[in-house]
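Okay, structure first, notes after.
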Amino acid sequence: MPRGKGSGTGTGTGTGTGMGRGMGRGGGKGRMGGNRPGAGPAGYCICPNCGEKAVHQAGVPCYSINCPKCGAKLVRE
């Protein structure tokens, strides 16, 4: 059974529109990379007000931790 939208040339060469996977989806940082929730166990939580860093604890979201210096909610680095 052919994949894609089926709007190819019909020659069976696989060169038509809708063939392939992930076309146009750019690089990114891969699975679980970056600063979004679920970014992995390593890294730091940073205070957006004063810049204080705290080591990120696995299973504890940074936004649930208060800054030890100024009391603001931390964000993921």
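Since every read-out is calculated from the coordinates, none of them should be taken as a lab result. Treat the numbers as computed from the prediction; the structure is a model and nothing was measured. A quick note on method: Cβ atoms are made from the backbone with ideal geometry, for glycine too, and the neighbour counts reach across all protein chains shown.
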For this session: May I ask for the net charge around GLY51, where only other residues with Cβ less than 13 Å from the Cβ of GLY51 are counted and Lys, Arg are +1 while Asp, Glu are -1?
Result: 0
For this session: Would you grab the residues whose amide H sits under 5 Å from the one on TYR44? Only those 5+ places off in sequence or on another chain, please, with H modelled 1.01 Å from N.
Result: HIS56, GLU77
